[in-house]
1. FRET efficiency for Glu725 and Arg677, Cβ-Cβ distance as r, R0 = 30 Å, nearest 0.05?
2. Ordering Ile752, Ile15, Ile475 from largest to smallest accessible area (1.4 angstrom probe), what's the sequence?
3. Using only alpha carbon positions, build the gyration tensor of the range 612-689, then give the equivalent ellipsoid semi-axes as the square roots of 5 times its eigenvalues, largest first, whole angstrom.
4. Apply the Karplus curve 6.51 cos²θ - 1.76 cosθ + 1.60, θ = phi - 60°, to the phi angles in the range 280-288 and return the couplings in whole Hz, x for Gly and Pro.
5. What percent does the relative contact order of the chain come to when contacts are Cα pairs within less than 8 Å and at least six residues apart?
6. Mind putting a number on the dipole of the chain about its Cα centre? Charges go on the C-beta only, +1 for Lys and Arg and -1 for Asp and Glu, and I need it in Debye to the nearest 20.
7. To the nearest 20 Debye, how big is the dipole of the range 494-549 about its Cα centre, given +1 on the beta carbon of each Lys and Arg and -1 on that of each Asp and Glu?
8. To the nearest Å, what is the center-to-center distance of the range 352-387 and the range 504-533, using C-alpha atoms only?
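The values are calculated or read from the model by the stated rules, or taken from the named source; none is laboratory data. Source: prediction; values computed, not measured. For neighbour counting, all protein chains shown are included, and Cβ atoms are generated from backbone atoms with ideal geometry for every residue, glycine included. Accessible surface areas use protein heavy atoms only, side chains included; no ligands, DNA or RNA. Shrake-Rupley method; radii C 1.70, N 1.55, O 1.52, S 1.80 Å.
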Amino acid sequence: MKRIVNISDLGKNDIDIAGGKGANLGELVAAGFNVPPGFVLTTAAYDYFLENSGIKDTIFELLAKVDASSEASLQDTSQRIRDLFDTVEIPSDLKEEILASYKALFKGKRPGLVAVRSSATAEDLPTASFAGQQDTYLNVESPEDLLDKVRRCWSSLFTPRAIYYRITKGFEHSKVKLAVVVQKMINSEISGIMFTVDPNSEMPHIIIEAGYGLGEALVGGKVTPDTYVVDKFHSKILSKRIAKQTWKLVRGKGGECVRADVPDELSSVQKMTDEQILALAEIGRNIEAHYNRPMDIEWCIEDRVIYVVQARPVTTLSSPGGKGNGRPTDQGLAKSAKVLVKGLGASPGVAGGPVRTVSEEMNLDIVKKGDVLVTTMTSPDMVPAMTRAAAIVTDEGGMTCHAAIVARELGIPCIVGATHATQVLKDGDMVTVDGSMGVVYEGTAEPKKEEAKLAVPIVAPAQVTGTKVYVNLAIPQKAEEVAKLPVQGVGLMRIEFLFTSYIQEHPCALIEKGESKFLVDKLSEGIAMVAKAFYPRPVILRTSDFKTNEYRDMEGGEKFEPHEENPMIGWRGCSRYVSDSYREAFKLELKAIKKVREEMGLKNLHVMLPFVRTIDEVRRITEMMREVGLERNRDFRLYLMAEIPCNIFMAEEFAEWCDGFSIGSNDLTQLTMGADRDSDILGKMGYFDERNEAIKRAINMLIEAAHRKGCTVGICGQAPSVYPEFTEFLVKAGIDSISLNPDTVISTLGIIASAEQRILLEAARKTLR
């Protein structure tokens, strides 16, 4: 493994060598986002340093004796380990590599300032934020200073807060390693954090927090930032909360960060222009679409250019078992209960207890289980005390500060930016904290028993499966309800319902009447309803697959539809799209899809083509898509239905034109077995059965061929819901996903999980034998 790697050579799967921060920065560069250039000292460099230092065994001996419940033990162990690092030099050959990369970063020019940032292998994960656990150093300006800060970053893996956090999160100390990111320093005029979902309410809003100067003051909660809320789907600013900022962090003469006054005329004005807010929101929307999940993003602006300096998954959504119990008026508190403090609700829920006011200098053992922790702003060193608190209230900070992130992860109510809370709330006062409303009330009350029950989740935890589980959906009005199911997206959205219920007229008839815009608007409205409900989970929309007899029944259809003896294998699917008489109608579907993705910002929408007979059809349709501005890329996928035997026989050729296949088991069975799916006689005789060996062989052939070409294979038919043994066959065959009707999701999840478990057990037995 290389000891030093350029950021541009990394991706999100490189966490083991570059840590969470380094891997995600590399992924952002590869995806085309504006990231300051730099390089990463990989975990191999960290291992090399430790192996040559002679201190490795001593470190783990000390960690084995630490008492995580004792702040004194954590502090003592941390200090002794970090002192060991200070006594050891970086090996000379590694020093040379670091300084050569530092020099190369400036491409022959005089080396300038860099940021040196820790990047642990257990950092920025989907399940844990590790917010602020390791060190970062800004404005590093000399080779000697760079080497010193690299070593300090390595030793910051053993701060009291990092040791405590690993123990409580169940991470083995020996398994967590540290990479170091070195990047060109951006002299930020404005900086901040952005969530692509409201981390408090989980509404689909983009939350932007912005302040003057370097971002460390904002991230650390030392200043209260502006907060801007943007509608994710309509690029519209919904609200602004302008905070007064009297000072900022800037680069001092010696390169260190120093405080500087903000001029009076700027201290209370909006930090970013509306245009900058919307431009930044668009970047956030694109990053979320790329990762396919809500993201927590750090950014900065220099000379009006926006840079992304960090992106990690939001780890704090839908925290079951949080300690809040509902709203204050539901808890027996009088509606006239006195409001003591107001701030920004940063972590939802309600909890009460005695006030305990603390500062960093104090012994935090005074915070007992159930206390309401009140402070100017939390720091990572306060995490052990925060885990004992029932709720947290801070004078400063915003939705993305340390207190907010950790409180949401702990599942406890939190209010930030509550100016003068440390002065108003006195030690021992009994108070109730409403983290949703951002209000602290006088007194406490227990929730009524019948109302407390309402806070208990009514859906049992979903089975975890290696096979992705999606849902089939046709009716947009059901999307909000269906989106609550434990599925990873929509594997098949049928567009036909929109034509029959929203539009109710043949598309060619509408074109003839000059109502193309009506068709595009109605289609995009219905599609968006589903995409919005599931955002950011993917929604795969299958374009129209009416048969001629079905189109003839629409208003105006007789004029445009021929009579066919066997519509099931007639003018349908892609053959319709490429024909001169229907081409323009199909392009209106594509324009509706583009409108949903581009104008509404719902980039979780992808496309699937039905009944594909030839490669030439796909080629021509791909060109049509390009004409309307839809082009296959990492964030826009094109899938093909595999429902005709030719899709199986020519799977590798079709795979060159798509990202994956979805098996339409009904049509595939009908056309492979030569059995009319609507024939009662053949059905009763057992001819129409997806479990037939011929169908299973066809599916195996498709999966093997698609996987050879790097394409995924799913299935969206009824069989997995009906036949448990067929589900087990699919899992054994290596199917990537199964898309189900909503009413069968829960039961089939159990079937899939059981099938996967049996396969694992059988493999284990074979290994033992």
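1. The formula returns an efficiency of 0.90 here.
2. So the residues, ranked largest to smallest area, are Ile475, Ile15, Ile752.
3. 31, 11, 11
4. Result, ordered by residue: 5, 4, 5, 4, x, 4, 5, 5, 4 Hz.
5. RCO, the chain: 9 percent.
6. Charge dipole, the chain, about its Cα centre: 640 debye, nearest 20.
7. 260
8. 57
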